[in-house]
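Structure record follows, encoded as structure tokens.
The values are calculated or read from the model by the stated rules, or taken from the named source; none is laboratory data. What you see is a predicted model; the values in this text were computed from it and never measured. Ideal geometry is used to build each Cβ from the backbone, glycine not excepted, and the neighbour counts take in all protein chains shown. Protein only, heavy atoms only, side chains kept; ligands, DNA and RNA dropped before computing areas. Shrake-Rupley method; radii C 1.70, N 1.55, O 1.52, S 1.80 Å.
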Amino acid sequence: MAKQQGQRDDIPQPQQEDDAQRTAAAPGLPARRLAAAVIDEVLRAKLSLDDTHERLAPSYGLDAADSALARAIAITAFRRLGTIQEAINARLERGSPRNSGPFEPIMVAAAAQILFLDVPDHAAVDLAIRHLHEDARSSRYVSLGNALLRRLAREREAILAEAVDPFLDTPEWLAESWMESYDEDVAAAIAASHRDEPPLDISVKSDPEGWAEKLDGLLLPTGSIRLRERGGISSLPGFDEGAWWVQDAAAALPVRLLAPQPGERIADLCAAPGGKTAQLAAMGAQVTAVDRSGPRLRRLRANLERLGLSADIVTVDASQWQAEAFDAVLLDAPCSATGTIRRHPDVAWTKSPEDRDKLVALQARLLEAAARLTKPGGRLVYCTCSLEPQEGEAQIEAFLKAHPDFVRKPVEAGEIGGLTEAIDRNGDLRTLPHQLRNETPRLSGWSGFYATRLIRL
């Protein structure tokens, strides 16, 4: 759906319409309304894009295709928000008008279509102008909006040619964090990878080679399958039979480090939505899935039912949970999720250093609980989908200093498909979004994950 650079449509001047014509639901307008509403609410309230879209979509009465279009517009807007905002601000001499209602999110949504999506320019402009007319506050700026969007369409090629700095689409605090934690070149590679559409990976219960062939997928060294083509997931072979589930390739690695054995009692803490629970159950473990969110656990239960797998499910705050010690414990702790920005670009614009620091304290409490639940000789794998060392490396260094009864068991390259680049100097797992290069950008990379394997003495 990406727009080819240099593509431009002739944009007719907007026709004069009466109020009845203007407010009629032109084809495609409801999808743009939803996209702008999602962009606006996510930025104002710092909410999840997916949750916001899911909550707002029913009130717009869209079919599946239009709902998907609205989501694609919003995701693209956040993926390239820095570029879009700079392009808009450079062409508004006095800045965005005050007290203009939905003017800004409408412009951002339209700019995402004009600059990056395979949407005819005339449609993006016309529908945005119709949308502006619907609110008395934004309708005063119809001429301004029309001139701005037409100029973006005319100058698209130059805008994209100038947007070479990968940090343009990364908030300053994140760019600084990555440069300090890694180095400038690695930080730039991370930021650049976030501009690309993410890959779609699946985990299979068995026969990865066979399923890779059936699904025309790329079998990764780690055993995950990367789908070459995007389409309806539920219509693919093996979905109804429960042969596989969607799971980022990096997210599948912590269970490999845990190396579950058939019949072992394993606790999966903060388990929902259940990808790791499914892995553990498929390997024959007796899994107890623990999460505080009832709705998320209902999704986990539904996923397990489709896959024909089972687990004991406990709805409780894992930091407060008491149970008999387990052979192994997996803690996928709540985190800032900066490792998932490519898949969830809103994360970059909704999280802050303060959010991260609050989560660090929660992670420490959950680690204490996980330690209590690990029996002597047992394994504890701690992981987060964060690029921030405070939530990974530093968290574990503090834990090990306070817990001499735990020692690190380093990751071996053979456990993760020989990918030595994903093992840090301490022997822990550290995947970065620009790693795992393949034949195209969309088939390359994975989420940023940290994981360590500890043994209780």
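Worth pointing out:
- Counting only residues that are open to solvent by less than 50 Å² (accessible area, probe 1.4 Å) and part of a helix (DSSP H, G or I), segment 391-418 holds 9 of them.
- Meets criteria (without any contact (Cβ under 8 Å) to a residue 40 or more places away in the chain, crowded, with 17+ Cβ neighbours inside 10 Å and in a helix (DSSP H, G or I)) for Leu148: no
- Any hit, segment 334-345, residues being more than 16 Å from Phe449 (Cβ to Cβ) and of a type in the set (Ser, Thr, Tyr): no
- Within segment 31-57, residues that are among the β-branched types (Val, Ile, Thr) sit with their Cβ atoms under 7 Å from residues that are not in a helix (DSSP H, G or I), at 6+ positions apart or across chains, in these pairs: Val42/Asp346.
- Residue in segment 82-103 that is of a type outside the set (Phe, Trp, Tyr), closer than 24 Å to Pro27 by Cβ and either within 22 Å of the chain's Cα centre (by Cα) or in a helix (DSSP H, G or I) (or both) present: no
- Of the residues making up segment 348-367, those that are in contact (Cβ under 8 Å) with a residue 12 or more places away in the chain and among the charged types (D, E, K, R) are Lys351, Asp355, Arg356, Asp357, Arg365.
- Listed by position, the helices (runs of 4 or more DSSP H) enclosed by segment 180-263 that each have at least 1 residues that are crowded, with 19+ Cβ neighbours inside 10 Å, in contact with a strand residue (DSSP E or B) (Cβ under 6 Å, 6 or more places away or on another chain) and of a type outside the set (Phe, Trp, Tyr) are 208-214, 253-258.
- Exactly one residue out of Glu241, Glu209, Glu229, Glu213 is free of Cβ contacts under 8 Å to residues at least 24 places away in the same chain and closer than 23 Å to His344 by Cα, and it is Glu229.
- The lone exception for Thr452 - which of (1) in a strand (DSSP E or B); (2) in contact with a helix residue (DSSP H, G or I) (Cβ under 6 Å, 6 or more places away or on another chain); (3) within 24 Å of Pro345 (Cα to Cα); (4) not acidic (Asp, Glu) it fails: (3)
- Among the candidates Ala123, Ala68, Ala45, Ala64, residue that is surrounded by fewer than 23 Cβ atoms within 10 Å (Cβ to Cβ) and more than 24 Å from Asp346 (Cβ to Cβ): Ala123
- Output for segment 280-310, where each listed residue is crowded, with 20+ Cβ neighbours inside 10 Å and in contact with a Pro (Cβ under 7 Å, 6 or more places away or on another chain): Leu280, Ala285, Leu300
- Scanning segment 311-348 for residues being open to solvent by 10 Å² or more (accessible area, probe 1.4 Å), part of a helix (DSSP H, G or I) and of a type in the set (Gly, Ala, Ser) gives a total of 1.
- The single condition among (1) assigned to a loop (DSSP other than H, G, I, E, B); (2) in contact (Cβ under 8 Å) with a residue 40 or more places away in the chain that Leu174 does not meet is (1).
- Selection status of Thr277, over 30 Å from Ala191 (Cβ atoms), modelled with pLDDT of 95 or more, crowded, with 24+ Cβ neighbours inside 10 Å and among the hydroxyl-bearing types (Ser, Thr, Tyr): yes
- Filtering Val204, Val164 for residues that are without any contact (Cβ under 8 Å) to a residue 60 or more places away in the chain and farther than 29 Å from Gly275 by Cα leaves a single hit, Val164.
- Filtering segment 368-382 for residues that are in a loop (DSSP other than H, G, I, E, B) and either without any contact (Cβ under 8 Å) to a residue 12 or more places away in the chain or in contact with a helix residue (DSSP H, G or I) (Cβ under 8 Å, 6 or more places away or on another chain) (or both) leaves an empty set.
- Among the residues making up segment 197-217, those that are closer than 19 Å to Gly418 by Cα and within 21 Å of the chain's Cα centre (by Cα) are Asp201, Ser203.
- Taken over segment 427-457, the criterion of being polar (S, T, N, Q) and free of Cβ contacts under 8 Å to residues at least 24 places away in the same chain is satisfied by Gln435, Thr440.
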